[in-house]
Amino acid sequence: MSGVLDGIRVLDFGRYIAGPFCAALLGDFGAEVIRIERLGGGEDRGLIPVGAGPDGGGAMFLAMNRNKLGMTLDPASPKGREITRKLVATADIVVANLPPAVLRSLALDLDSLREVKPDIILTSVTGFGAGGPLSHKHGFDGIGQAMSGAVYLSGTQDLPTMTKVPWVDFGTAFLAAFGTLAALIERGKTGGGQKVEGALLRTAVAISNAMLIEQALTGVNRTAFGNRAFNAAPGDIYRTCDGWIVVTVIGQPMFRRWCRMIGEEHWLQDPRFGDDQSRADHGDSISSRMIQWCAARSCAEALAELEKASIVAGEVYSPQQAIDDAHIRAAGLLAERSFPTLDATLPLAPTPIELSETPGTYRRPAPLIGEHTDEILTALGYDASEIAALHAEKVV
């Protein structure tokens, strides 16, 4: 089956998550993606080690770099610059989550790329975005979480809490892929390339926007109070006799069903609980009752009753429970994949969006260090002796 992006070549100079996962998503839909990393492997290759060895990479690298060819290159050396120019001449998209000054120093900024390939698309990701006093700074996921207000509203007033899952990085990767596809569509109309620019803080502010609008218009000055919802109740994580469940009740019909299920129908006439926001404002009383109800039941018992009442709820899983979950497996949300340096398979999440006619596909595992360097150089016109000399000079 052909992919939507068959015939599109992507050069991936990205690191960690936002750039590499953007490129991986393009690769899932058929693009030929070449990951270009420094000699000896990129600094992100060994994060979250899982026994694949330094050449194989850690868990993050294995997930972020499927469906890519891999080459090593020193793009700052004179001969490395020449190889980069030859690669750019064959490419449609360059992905680089590097600061603007670094892009310019490596001739990977849009003006330099256009001198080689006028219709090139540059997809760039930075920490803070252009145009502000922090634009020159490096950034990681946690900075976006913190500066958007999300961390302040998570955890407790005594301990603001970041999530361990880097939602800002992944959100930026999704948006960068979305923007890149839009730029490809526009190039198909006009023949011109452009720069697609994502930023971690831009993503985090966009996702947090409703909270910021509420603050600006009402001055509510919300503070964190654990997992309890700000805008509805019950909405929290509750302990059962054998674990934890999350329950979210939004809207009057669902609240009515919840009151009947829990045996508090008189609350339907209580003015404190007249709508979602008033219920959230008096969430202590509601949560206390729900805590009592859940404590007398197992997760399975509580979830069965909640489902019977058509109330949204789910169990709080450990990572192992998520791996073992029957629905996650049956729905194909994890698929077992092999890797050359691993004895066991790894549960890899496939493309997280499904197209009925042209779905994303898994074609190859993340590359070993420099696994395809010689193959790529040969395709660029270098012969065996030239490639050997490039290795000896540590250009590749």
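The values are calculated or read from the model by the stated rules, or taken from the named source; none is laboratory data. Keep in mind that this is a model prediction, so the values were computed, not measured. Here the Cβ positions follow ideal geometry from the backbone for every residue, glycine too, while neighbour counts run over all protein chains shown.
For the range 1-31, how many residues are modelled with pLDDT under 95 and either basic (Lys, Arg) or surrounded by 24 or more Cβ atoms within 10 Å (Cβ to Cβ) (or both)?
2
All but one of (1) in a helix (DSSP H, G or I); (2) touching a strand residue (DSSP E or B) at 6+ places or on another chain (Cβ under 9 Å); (3) surrounded by 18 or more Cβ atoms within 10 Å (Cβ to Cβ) hold for Cys259; which doesn't?
(2)
Restricting the range 278-292 to residues that are farther than 18 Å from Ala224 by Cβ and surrounded by fewer than 12 Cβ atoms within 10 Å (Cβ to Cβ), which is farthest from the chain's Cα centre (by Cα)?
Gln292
Across the range 347-371, what is the total count of residues that are assigned to a loop (DSSP other than H, G, I, E, B) and either surrounded by 19 or more Cβ atoms within 10 Å (Cβ to Cβ) or among the aliphatic types (A, V, I, L, M) (or both)?
Selection size over the range 347-371: 11.
Please find, among Val220, Val205, Val246, the residue that is of a type in the set (Val, Ile, Thr), outside any loop (DSSP other than H, G, I, E, B) and surrounded by fewer than 16 Cβ atoms within 10 Å (Cβ to Cβ). Spell out the reasoning first.
Working: Val220 fails: outside any loop (DSSP other than H, G, I, E, B); Val205 fails: surrounded by fewer than 16 Cβ atoms within 10 Å (Cβ to Cβ).
Every option except Val246 fails the conditions.
For the range 190-201, does any single residue satisfy the condition of being in a helix (DSSP H, G or I) and surrounded by fewer than 17 Cβ atoms within 10 Å (Cβ to Cβ)?
Yes - at least one qualifying residue is present in the range 190-201.
For the range 29-110, which fully contained helices (runs of 4 or more DSSP H) count at least 3 residues that are over 26 Å from Glu336 (Cα atoms) and β-branched (Val, Ile, Thr)? Give the steps one after another, and end with the answer.
On the way: elements: 53-56, 59-64, 78-90, 100-105.
The helices (runs of 4 or more DSSP H) meeting that bar are 78-90.
Regarding the range 355-368, can at least one residue be identified that is touching a residue at least 24 places away in the same chain (Cβ under 8 Å), within 23 Å of the chain's Cα centre (by Cα) and more than 20 Å from Phe29 (Cα to Cα)?
Within the range 355-368 (the criterion being touching a residue at least 24 places away in the same chain (Cβ under 8 Å), within 23 Å of the chain's Cα centre (by Cα) and more than 20 Å from Phe29 (Cα to Cα)), the answer is yes, since at least one residue qualifies.
Of everything in the range 104-130, what is among the aliphatic types (A, V, I, L, M), within 22 Å of Gly171 (Cβ to Cβ) and crowded, with 21+ Cβ neighbours inside 10 Å? Give them in sequence order.
Ile121, Leu122, Val125
Given the condition of a type in the set (S, T, N, Q), modelled with pLDDT of 95 or more and not in a loop (DSSP other than H, G, I, E, B), answer yes or no: does some residue in the range 149-161 qualify?
Taking every residue of the range 149-161 in turn, none turns out to be of a type in the set (S, T, N, Q), modelled with pLDDT of 95 or more and not in a loop (DSSP other than H, G, I, E, B).
Answer yes or no: is there a residue in the range 196-213 that is out of contact with any Cys (no Cβ under 9 Å at 6 or more places or on another chain), closer than 22 Å to Leu110 by Cα and either among the small types (Gly, Ala, Ser) or not assigned by TED's automatic domain parsing to the domain that holds Phe140 (or both).
Yes; the residues of the range 196-213 include at least one that is out of contact with any Cys (no Cβ under 9 Å at 6 or more places or on another chain), closer than 22 Å to Leu110 by Cα and either among the small types (Gly, Ala, Ser) or not assigned by TED's automatic domain parsing to the domain that holds Phe140 (or both).
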